[in-house]
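Values in this text are rule-based calculations from the coordinates and carry no lab data. In this text the structure is predicted, and so the values were computed from the model without any measurement. Counting neighbours? That spans all protein chains shown, and the Cβs are built from the backbone with ideal geometry, glycine included.
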């Protein structure tokens with residue numbers, strides 16, 4: 001398959017709700033495109049020297065979002081990478097602006113029920129989704145923001161990360177090139 005047809009230098013930002021598959025699909029997509037994959041949450045943990053749950057507990061969500069924006073704006077300077085920001089990165093206007101200016105936002109649109117099952121099963125501490133109602137409220141608040149993505153990929157339970165990555169590549173080939 002010819003991958004040169006892609007916006008070869010545009011960074012791909014995988015956005016979507018917690019547990020929609022960003023960290024799973026990201027490395028697979030990056031490998032197929034021969035790009036570097038960056039999990040933003042891991043970068044933030046590196047910068048903060050602790051887990052995101054600890055950072056939030058210690059300094060609050062606002063502080064976490066501030067660090068997230070800093071790390072995102074540094075990463076956005078690189079081109080031709082695949083980045084998975086946390087599910088809530090989209091809630092800050094400056095992050096949305098950074099992502100749309102420096103790359104292509106791809107929304108992994110997984111239904112809340114699927115995300116919630118994965119959240120319950122993956123053992124990751126998610127301070128922003130302590131119960132399904134809180135998760136649902138956040139999901140509903142964020143959907144209109146996720147919808148601003150240039151590409152939407154519907155995600156369901158039966159798809160493998162490989163299939164999702166392939167759908168993204170197919171869609172990227174028809175995205176108009178954008179110039180800075």
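Brief remarks on what is shown
- Conditions (1) in a helix (DSSP H, G or I); (2) surrounded by fewer than 18 Cβ atoms within 10 Å (Cβ to Cβ); (3) in contact (Cβ under 8 Å) with a residue 12 or more places away in the chain: number failed by residue 135: (2)
- Which numbered condition residue 78 misses (of (1) under 12 Å from the mean Cα position of the chain (by Cα); (2) in contact (Cβ under 8 Å) with a residue 60 or more places away in the chain; (3) farther than 16 Å from residue 108 by Cβ): (1)
- Residue in segment 32-41 that is surrounded by fewer than 19 Cβ atoms within 10 Å (Cβ to Cβ) and farther than 26 Å from residue 154 by Cα present: no
- For residue 159, the conditions (1) part of a loop (DSSP other than H, G, I, E, B); (2) under 19 Å from residue 24 (Cα atoms); (3) in contact (Cβ under 8 Å) with a residue 12 or more places away in the chain all hold with the exception of (3).
- Test for residue 68: is it more than 20 Å from residue 22 (Cα to Cα) and surrounded by 13 or more Cβ atoms within 10 Å (Cβ to Cβ): no
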